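S.K.: Once you've had a glance at the structure underneath, I'll fire off some questions.
The values are calculated or read from the model by the stated rules, or taken from the named source; none is laboratory data. Just so it is clear, the structure is predicted and the values come from calculations on it, not from any experiment. Cβ: placed from backbone, ideal geometry, glycine included. Neighbour counts: every protein chain shown. In case anyone asks, the SASA skips ligands and DNA or RNA and just uses the protein heavy atoms, side chains included. Shrake-Rupley method; radii C 1.70, N 1.55, O 1.52, S 1.80 Å.
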Amino acid sequence: MDFNGDYYYKLNRIFLSTIGLWPHRYITLRQIQCVVSSFILISVTFFQLLRLITTKYDVDLVLRVLSSALPFMLFTVKYITFYFVTENIKELMQQIHNDWNALKDNNELKIIHRYAKAARLFTTSLAILIYVCILMVICIQYVPIFLDIIMPLNKSRQTELLFQVEYFLDQEKYFHTIQFHLDVGLIVAAMTILSTESFCLTLAIHAFGMFKITSYRMERIIDKSAPNTFVEKYYVFHNNIVTAVNGHRRAIEFSEIVKSTFAIPYLALILLGVTSSSVNLFLLFQVIMSSTTMDDLIRCIIFVFCHFIYMFSTNYAGQKFIDHDADIYKKICNIQWYDAPLRTQKQILFIIQKTIKSYHIDIGGLYSPSLEGFTMLASTSLSYFTVLCSIQK
């Protein structure tokens, strides 16, 4: 699908295509990619949970297993739910295409270009952040092997697997084979979270751009260059109102499609994310208090950091929906409505009544992403963390 803004969405298309989540025409290839990626994510999760069944119950072990198994469950749910909404993805991209083609005003084109550029910058930054974190986590496990080469001891340093797993194999003998499987699973998980989250936030940023264009149109309802005659002035103002209202309607329709596509799966991700962040926060606390190895500390810090960055970015996007729609209300209230004909003033009053309540993304009426929501999730994670500390004592 080629259009004026196609350049800004190429990275999203590449990332989604890599793991079979882009609705391209090669359906068989996409199905094969889906089966392979799902199998890798499920298998890595399964062998971690298997450790809980085959090992004697121990609180520390359970928490260590859950600290990595829960995020993989989150990645698996994210991948599978995203795969089944590919038709919605196609519809969303078609609407983006139509929105770009519908814009003719140079200032409006500048606005949509600015927001699309911000979305591409965000995707690039997120890719760099995730790849750096994954590279660090993978390299940590090979530090003992590297030290044995440059600074050998009387005996080889002990190597540990990236996660707590059970393969019913000799882990020392098949260390590299098992670790390769875990590394591949980690890379697929990273690609899943990168491609899906960057795409979701790119959609959100496009919606922000459409809301901003609506604000720009609201400011221009009262056109000072309009003819002085009553009929011509009313005609110009009426056309400006229709254009602004249509822009607002398109922005809300696009946002509603995004909400209906991703809201319910996001609710499950919130539950898994809060639980996982609490467990990883507790493990970080344990690592700091027990003065264990530096690689454990770095791994825990990365896991906790990624959890809170994820929660903050999704809630920040929800807050921006509220802010951008509220800006429309401010703009319509600040225009010089008293210079308009009486019929136009009545139309403006109707718009004010419709925009007085800010639009927000809600998840099944249970949760609304916002900065306040992030504070609530963070406090919930800390509450679970204190519960785990009390249990441990």
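S.K.: When the stretch 324-358 is examined, which residues are found to be open to solvent by 70 Å² or more (accessible area, probe 1.4 Å) and of a type outside the set (Phe, Trp, Tyr)?
M.R.: Lys330, Asn334, Asp339, Leu342, Arg343, Lys346, Leu349, Gln353, Lys354, Ile356, Lys357
S.K.: Considering every residue within the stretch 24-47, establish whether at least one is surrounded by fewer than 19 Cβ atoms within 10 Å (Cβ to Cβ), closer than 21 Å to Ile270 by Cβ and either out of contact with any Gly (no Cβ under 9 Å at 6 or more places or on another chain) or not aromatic (Phe, Trp, Tyr) (or both).
M.R.: No, the stretch 24-47 has no match at all.
S.K.: Still on this structure: Just checking, does the stretch 357-364 include any residue being of a type in the set (S, T, N, Q) and more than 28 Å from Leu283 (Cβ to Cβ)?
M.R.: Taking every residue of the stretch 357-364 in turn, at least one turns out to be of a type in the set (S, T, N, Q) and more than 28 Å from Leu283 (Cβ to Cβ).
S.K.: Let me ask something else. Being of a type in the set (A, V, I, L, M, F, W, C) and closer than 18 Å to Ser198 by Cα, is that true of even one residue in the stretch 22-41?
M.R.: Yes, that holds for at least one residue.
S.K.: Which numbered condition in (1) touching a Gly at 6+ places or on another chain (Cβ under 7 Å); (2) open to solvent by less than 60 Å² (accessible area, probe 1.4 Å) is the only one that Ile264 fails?
M.R.: Here Ile264 meets the rest and fails (2).
S.K.: If you don't mind, there's one more thing I want to ask. Is it the case, given these coordinates, that Leu126 is farther than 24 Å from His181 by Cβ and at pLDDT below 85?
M.R.: Here the answer is no, as Leu126 does not meet what is asked.
S.K.: OK, next. Given the criteria open to solvent by less than 40 Å² (accessible area, probe 1.4 Å), without any contact (Cβ under 8 Å) to a residue 24 or more places away in the chain and not polar (S, T, N, Q), does Leu271 qualify?
M.R.: Answer is no for this residue.
S.K.: Considering only residues of the stretch 18-53 that are out of contact with any Asp or Glu (no Cβ under 9 Å at 6 or more places or on another chain) and either under 23 Å from Tyr115 (Cβ atoms) or outside any helix (DSSP H, G or I) (or both), which is modelled with the lowest pLDDT?
M.R.: That would be Arg25.
S.K.: Check the stretch 153-162 and report whether any residue there is open to solvent by less than 70 Å² (accessible area, probe 1.4 Å), under 31 Å from the mean Cα position of the chain (by Cα) and at pLDDT below 90.
M.R.: Yes, there is a match, as at least one residue in the stretch 153-162 is open to solvent by less than 70 Å² (accessible area, probe 1.4 Å), under 31 Å from the mean Cα position of the chain (by Cα) and at pLDDT below 90.
S.K.: Scanning for something of a type in the set (A, V, I, L, M, F, W, C), over 30 Å from Ile40 (Cβ atoms), more than 34 Å from the chain's Cα centre (by Cα) and modelled with pLDDT of 75 or more, does the stretch 205-221 turn up at least one residue?
M.R.: yes
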